[in-house]
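*Asks:* Have a look at this one.
The values are calculated or read from the model by the stated rules, or taken from the named source; none is laboratory data. Predicted model only: the values in this text are computed from it and were never measured. A quick note on method: Cβ atoms are made from the backbone with ideal geometry, for glycine too, and the neighbour counts reach across all protein chains shown.
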Protein chains: 2
Amino acid sequence: MSHTIPVLEIFGPTIQGEGMVIGQKTMFVRTAGCDYRCSWCDSAFTWDGTAKDDIVMMTADAIYDRLRELGRNAFNHVTISGGNPALLKNIDNLINILHSQDIKVALETQGSKWQDWLLEIDDLTISPKPPSSGMNTNFEVLDDMINRIEKSKASLKVVVFNKEDLTYAKQVHKRYPGISFYVQVGNEDTVTENDEKLVKKLLSQYEWLIDQVMNDDEMNNVRVLPQLHTLVWGNKRGV
Amino acid sequence: MSHTIPVLEIFGPTIQGEGMVIGQKTMFVRTAGCDYRCSWCDSAFTWDGTAKDDIVMMTADAIYDRLRELGRNAFNHVTISGGNPALLKNIDNLINILHSQDIKVALETQGSKWQDWLLEIDDLTISPKPPSSGMNTNFEVLDDMINRIEKSKASLKVVVFNKEDLTYAKQVHKRYPGISFYVQVGNEDTVTENDEKLVKKLLSQYEWLIDQVMNDDEMNNVRVLPQLHTLVWGNKRGV
Ligand code: SF4
Ligand code: SF4
């Protein structure tokens, strides 16, 4: 079992809807398990037990085969997402296989746990969670992570739901000025199927977030982004 | 007069709504004049005479002063846009002043004209125009530009309205594989004030463009993006 990875979803090609390579054509591998319990988690099925029967223990080779089956030759970028994939020791096998095929590898983690293979990731998004999540950031662990990684291949991203979150985002940006910084609109309703209403709400929250950042001289070298996949597909999974 | 720049708009801080630094907090300086006449130009007022009384001849110092007046200390990024700012020989003064203040400079041009100061731009977007524009690309001039620029500071962006445009985008991507490549949804209605209808239309065109690119194995290392400012503010100018 130690050479397998708990996988919940493999899908694509689709766009990366957020963060440092927003818009990038990519395939997704979603791993199971998270050490956090964010109040607004949009991937709660990775840890709340509701999808536990869908978890498949896969070798890196089997994951690669499935990616090729789905994406054929129409991709050269794979995003590993969770949950928190940094809980898993043996992602390095998968990274090596992908790199050997000239495929770039992106990964998102909240920054709560170090793995040496994080150094191999081409587009690393570290997304510490703001107060509205109900979680507490361990800044010692995060400091250590930020110190070790190659800054040009990484970015920080904070999801913002309210003013308190924005204050937190600012603290993070100030603490790590040398790394690209993104703020992202939070999605308050991860279950609605009324896409038109959702788009309207998300765009108005996005406008609010832009306004906040634009007038703040402690938030200059910042990129403010929505989640594109939510604008296009709403709360649908697997797109 | 040779040390002044014809300016149509200075505004911000706002987000860069498109391309390689999408979401970035920036100020905009829009210069007057274009050597193209794209059928769907969303800045036609820069060249069609309708705003000719608004053109102000400004020195680089005066532009900098105006930027500070508007943005105070709440920016460290300026985007020079047009029209085609590469028609102007003396943008280098402005770039130097901005750099001396630790401000990064982005610029967008269709790639029809070389200027040595293009080498000084931090985020250079070259956006050759597809068939639907009614314009023809001079690939000799474009080859020369792509050869000279520093690839890590530049990107190519093609706006796509239809399948023919997509074929053109693919040609451009294949011709210059070493440079980051973006395709962007075209806005077919640059005058409507019905924002809700516009957003719906733009998101469905964006979904179409994503579908096209996702299934095409000649378009792998590609980023597919909408215009965020149009989603948020519709066709409003100066935001
Ligand atoms: S860290 Fe991410 S996956 Fe884990 S609970 Fe929070 S939002 Fe969900
Ligand atoms: S090159 Fe740009 S500014 Fe010039 S006509 Fe075309 S779209 Fe308009």
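*Asks:* Out of all the residues in region A:102-120, which are free of Cβ contacts under 8 Å to residues at least 40 places away in the same chain and either of a type in the set (D, E, K, R) or surrounded by 19 or more Cβ atoms within 10 Å (Cβ to Cβ) (or both)?
*Replies:* A:102, A:103, A:104, A:105, A:107, A:109, A:111, A:115, A:116, A:117, A:118, A:120
*Asks:* Okay, next question. Does region A:196-218 hold any residues that are within 22 Å of the chain's Cα centre (by Cα) and more than 7 Å from every other protein chain (Cβ to nearest Cβ), and which are they?
*Replies:* Those that are within 22 Å of the chain's Cα centre (by Cα) and more than 7 Å from every other protein chain (Cβ to nearest Cβ): A:198, A:201, A:202, A:205, A:209.
*Asks:* Next question. Give me a count of the residues in region A:130-142 that are surrounded by fewer than 18 Cβ atoms within 10 Å (Cβ to Cβ) and in contact (Cβ under 8 Å) with a residue 24 or more places away in the chain.
*Replies:* Here the count works out to 5.
*Asks:* Return yes when residue B:53 is more than 14 Å from chain A (Cβ to nearest Cβ), within 16 Å of ligand 2 (Cβ to nearest atom) and without any contact (Cβ under 8 Å) to a residue 24 or more places away in the chain and no when it is not.
*Replies:* no
*Asks:* Does residue A:183 satisfy being at pLDDT 95 or above and β-branched (Val, Ile, Thr)?
*Replies:* yes
Conditions (1) farther than 23 Å from residue B:19 by Cβ; (2) modelled with pLDDT of 95 or more, marked per residue:
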{"residue": "A:147", "(1), (2)": "yes, yes"}
{"residue": "A:155", "(1), (2)": "no, yes"}
{"residue": "A:191", "(1), (2)": "yes, no"}
{"residue": "A:194", "(1), (2)": "yes, no"}
{"residue": "A:226", "(1), (2)": "no, yes"}
{"residue": "A:239", "(1), (2)": "yes, no"}
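*Asks:* Only strands (runs of 3 or more DSSP E) wholly contained in region B:6-101 count here; list those with 3 or more residues that are surrounded by fewer than 22 Cβ atoms within 10 Å (Cβ to Cβ) and away from ligand 1 (no atom under 16 Å from the Cβ).
*Replies:* Counting at least 3 such residues, we get B:56-59.
*Asks:* Something else now. If you go through region A:219-229 one residue at a time, how many are facing chain B (nearest Cβ under 7 Å) and among the polar types (S, T, N, Q)?
*Replies:* Count: 2.
*Asks:* Sticking with this structure for a sec: Quick one: in region A:172-195, of everything that is under 14 Å from residue A:226 (Cα atoms) and of a type in the set (Val, Ile, Thr), which residue is nearest to the other protein chains (Cβ to nearest Cβ)?
*Replies:* A:183
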